[in-house]
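> Handing you a structure now.
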């Protein structure tokens, strides 16, 4: 037996879809007006009776383990507008500990485009909505997920000054970036210090990212709308290296088995008491319901 620390975390965001539609309505050119159509994906899922947020709560309840959720203000206000029952259920889940709060930028503002004062303001707005408006108790330890998991070392003080104790940190890979760790340690399976006394919890890349593979093979027609066209273009890394297309579509049982193999491989490589942190977009480009079923 091997003892592992597992965190299931989710990032939830939908932009204020009505805003671009209001701007497009001001355009006089009919060709441009008709060419740019912005669909409200929150309302789309309401029409299709696909409640990903309630699904997440139900998964946590079935696992009898809390899940971590960060949600932008942009998403939360739309849930209150369009899905009030779901919004109240989410509030209850936060309050009873089924869902554990993680902070994020209120407006999905990328760290590269914000200065330290703006970052502090984004965090403040998110905290105020959760605690002062929704009435959710503050977490024992304050953590944050940065938009797109992007980190700028020069702005880490803004998170520390906002009371943040830890960051959900991007996967570090020497093949993808120039990095150096001071001292010895495992930056993939262990927390480590970063910046001004901030703890970094490393995202487990295969567990988080490879869930796309069985989804793509199970629903190739649906995922093709995102530009992943199996059988016509190389999509997966092994297709590029082997110069051969993977088989598709696969059955639901095959999709589950493929992701289970990812989990098993990760556990084999995990050191004793190591950390496996899954974090991925909850909506997952509108395929989040399939991802939760797989998990």
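The values are calculated or read from the model by the stated rules, or taken from the named source; none is laboratory data. Please read all numbers here as calculations on a predicted model, not as lab measurements. For neighbour counting, all protein chains shown are included, and Cβ atoms are generated from backbone atoms with ideal geometry for every residue, glycine included.
> Where the second residue is buried (at least 22 other Cβ atoms within 10 Å of the Cβ) and assigned to a helix (DSSP H, G or I) and the first is on the phi > 0 side of the Ramachandran plot and without any contact (Cβ under 8 Å) to a residue 12 or more places away in the chain and lies in segment 83-103, which pairs have Cβ atoms under 9 Å and are six or more apart or on separate chains?
That search, which allows pairs on different chains as well, returns nothing.
> Residues 56, 102, 69, 90: which one is crowded, with 22+ Cβ neighbours inside 10 Å and over 21 Å from residue 128 (Cβ atoms)?
Working: 102 fails: over 21 Å from residue 128 (Cβ atoms); 69 fails: over 21 Å from residue 128 (Cβ atoms); 90 fails: over 21 Å from residue 128 (Cβ atoms).
Within the list 56, 102, 69, 90, the selection yields 56.
> Contact list please: Cβ distance under 6 Å, first residue in segment 12-28 and without any contact (Cβ under 8 Å) to a residue 12 or more places away in the chain, second residue in a helix (DSSP H, G or I), pairs at least six apart or on different chains.
27/33
> Could you tell me how many of the residues in segment 68-89 are within 19 Å of residue 138 (Cα to Cα), under 16 Å from the mean Cα position of the chain (by Cα) and not in a strand (DSSP E or B)?
3
> Continuing with the same structure: Determine, yes or no, whether residue 235 is at pLDDT below 95, within 23 Å of the chain's Cα centre (by Cα) and within 24 Å of residue 9 (Cβ to Cβ). Steps first, please.
Values: at pLDDT below 95: yes; within 23 Å of the chain's Cα centre (by Cα): yes; within 24 Å of residue 9 (Cβ to Cβ): no.
Here the answer is no, as residue 235 does not meet what is asked.
> Turning to a different aspect of this structure: Tell me which strands (runs of 3 or more DSSP E) are completely within segment 133-215 and hold 1 or more residues being farther than 20 Å from residue 101 by Cβ, without any contact (Cβ under 8 Å) to a residue 60 or more places away in the chain and touching a helix residue (DSSP H, G or I) at 6+ places or on another chain (Cβ under 8 Å), or say none if there are none. Break it down stepwise before answering.
Values: elements: 143-145, 166-169, 192-194, 198-202.
Where strands (runs of 3 or more DSSP E) fall fully within segment 133-215 and carry at least 1 residues being farther than 20 Å from residue 101 by Cβ, without any contact (Cβ under 8 Å) to a residue 60 or more places away in the chain and touching a helix residue (DSSP H, G or I) at 6+ places or on another chain (Cβ under 8 Å), they are 192-194.
> Let me ask another. For segment 111-127, give me the residue count where each residue is under 21 Å from the mean Cα position of the chain (by Cα) and free of Cβ contacts under 8 Å to residues at least 40 places away in the same chain.
4
> Here is a further query. Restricting attention to segment 250-280, which residues are surrounded by fewer than 14 Cβ atoms within 10 Å (Cβ to Cβ) and not in a helix (DSSP H, G or I)?
Passing the criteria: 251, 271, 272, 273.
> Quick check on segment 23-67: of everything there that is in a loop (DSSP other than H, G, I, E, B) and within 28 Å of residue 8 (Cβ to Cβ), which residue is modelled with the lowest pLDDT?
40
> Consider only pairs whose beta carbons are under 6 Å apart and that are at least six residues apart or on different chains; among these, list those whose first residue lies in segment 244-256 and is without any contact (Cβ under 8 Å) to a residue 40 or more places away in the chain and whose second residue is crowded, with 16+ Cβ neighbours inside 10 Å.
If the second residue must be crowded, with 16+ Cβ neighbours inside 10 Å, the pairs left are 248/217; 248/220; 248/230; 249/220; 250/217; 250/218.
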